[in-house]
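Notes follow once the structure below has been shown.
Quick note: the coordinates plus some simple rules give every number you see, no bench work behind them. All of these numbers come straight from a predicted model, not from anything done at the bench. No Cβ is skipped: glycine too gets one built from the backbone with ideal geometry, and neighbour counts run over all protein chains shown.
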Amino acid sequence: MYFTQEPKTRREDFFDMDEALREFQRYVRVSKLTLVTGLRRYGKTSLILTGLNEMGEDYVFLDCRLLPAGMISVKDFLKLLIAQARGKVRAALMRVEEVRLAGLGVRVRPSYETLLEALKTIEGKVLVLDEAQELRRSRHRFDKLLAYIYDHLNVRLVVSGSQIGLLHKFLRLEDPEAPLFGRAYAEVRVPRLTRELSLEFLREGFSQHSISPEERLLELAVDSFDGIIGWLSYFGYASVMRGELSEKLVMEVVRMASRLALSEFNHAVQGERYGEVMRIVSLLGKARWGEVKRGVEARLGRIPDKSLAKVLRRLVDMGFLEKVEGAYRIPDPVLARAFREAD
Ligand SMILES: Nc1ncnc2c1ncn2[C@@H]1O[C@H](COP(=O)(O)OP(=O)(O)OP(=O)(O)O)[C@@H](O)[C@H]1O
Ligand SMILES: [Mg+2]
């Protein structure tokens, strides 16, 4: 079934987008570090889980979004590891005294060395750090930890991120001063579906529910959701739940998705200027620096170049904006609509 809302884990539920799955599997076989990048809802987690399951790989999957807000401690990371570890890994982890105590909720402060010891228990396996840019929020250098794993443990790393700019700032693979510099890695960029594949995905997804919608309605949905597989499957799911597919229903689901995207944005980014920049860009479709500045200043008063640059840089790093040929645009059509219509 394509329209379930959890990340896919099995080949039969996974719509084959193109070469990405096979590329991922090829890399994981030989590379110690595989990056999987793509904006929100592009299908990264599904690709990783389906890919590893199909290969029969033994892996430990850590969703770094489950780490607590604020500064992340070694103990937080260990707790996540304990919660996700199964079978032999879990048993081995529990033999590390401090880890066991941390897992029991005892007030201990596990050291970095304990963490290294804990990670030895996953030798021979794949360690997935989903949404790894979250690990930036720490006084501990998790990038150093990754370099240690890379150099000294028999563990293959899969690192994913939807905030691609932040992920690269965390890993700093190209920075000679950084721990991970110089390590070979492979990167899978999860693509959007083409228009053709988007339509095929919807057609096949609906047919799994014995529904064959009018082509015109599918076109309308793809116009709104573009080739973002997470939105398309959200659309399919919501439509199947509601029954009768009509133009009215398509537009209703689009509005629901917009509200969701906007609330996620507001959760991720606080500050009036961020929202205002997004609003201007959404209204203009694409906007150059000067246009953004004029637009924001018209509403919020003067803003120094440095501050505007910071806002824009952050929005790009988080994947809410992209910069194409000197102009900013909002890559997610659903979020763009939300800002356009928020007025
Ligand atoms: N290849 C696929 N076939 C069918 N459904 C898919 C596929 N890829 C993703 N989906 C669906 O799209 C939604 C988003 O997928 P997933 O969570 O894997 O994406 P993601 O890029 O990890 O998203 P996020 O950035 O939110 O973590 C889920 O509902 C998932 O079931
Ligand atoms: Mg994900």
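Restriction of the trypsin sites (Lys or Arg not before Pro) in region 62-135 to DSSP coil positions whose beta-carbon has at most 15 other beta-carbons within 10 angstrom yields Arg86, Arg95, Arg107. Distance check, please: which entries in Lys8/Lys125; Lys44/Lys79; Lys144/Lys293 exceed 27 angstrom between their Cα atoms? Over 27 Å Cα-Cα: Lys144/Lys293.
Within straight-line reach of Lys120, meaning a Cα separation under 15 Å, sit the following aspartates and glutamates at least 8 residues removed in sequence or on another chain: Asp58, Glu97, Glu98, Asp151. Under Stokes-Einstein, with the Kirkwood radius over Cα pairs as Rh, the value for region 11-189 at 20 °C and 1.002 mPa s is 129 µm²/s.
The ranking of Tyr27, Tyr112 by Cβ neighbour count inside 10 Å, starting from the fewest, reads Tyr112, Tyr27.
If you take all other residues with their beta carbon under 13 Å from the beta carbon of Tyr2, and give Lys and Arg +1 and Asp and Glu -1, the sum is -2.
If only the Cβ of Lys and Arg carry +1 and only the Cβ of Asp and Glu carry -1, the dipole of the chain around its Cα centre is close to 1320 debye. Across the chain, C-alpha contacts under 8 Å between residues 6 or more apart give a mean separation that, scaled by the residue count, equals a relative contact order of 19 percent.
Looking at Ser307, Val158, Pro213, which one has the Cα that reaches farthest to the positive end of the dipole of the chain (charges on Cβ: Lys, Arg +1; Asp, Glu -1)? Value computed over the given set: Ser307. Backbone geometry of region 308-316 corresponds, through the Karplus equation with coefficients 6.51, -1.76 and 1.60 at θ = phi - 60°, to 3J(HN,Hα) couplings of 5, 4, 5, 4, 5, 4, 5, 5, 5 Hz, x marking Gly and Pro.
For the chain, the alpha-carbon coordinates run over 59, 57, 38 Å along the three principal axes, in decreasing order. Put in order of Cβ neighbour count within 10 Å, fewest first, the listed residues His152, His209 become His152, His209.
Residues Ile228, Ile303, Ile72 in ascending order of nearby Cβ atoms (within 10 Å, fewest first): Ile303, Ile72, Ile228. Only Cα pairs under 8 Å and 6+ residues apart enter the sum, and on that basis the relative contact order of region 195-266 stands at 31 percent. Against the chain, whose longest principal axis comes from its Cα atoms, helix 142-152 is set at around 50 degrees. Counting only DSSP H runs of at least 4 residues, each contributing -39500 (n - 2.57), and dividing by the residue count of the chain, the helix-based mean residue ellipticity at 222 nm comes to -16500 deg cm²/dmol.
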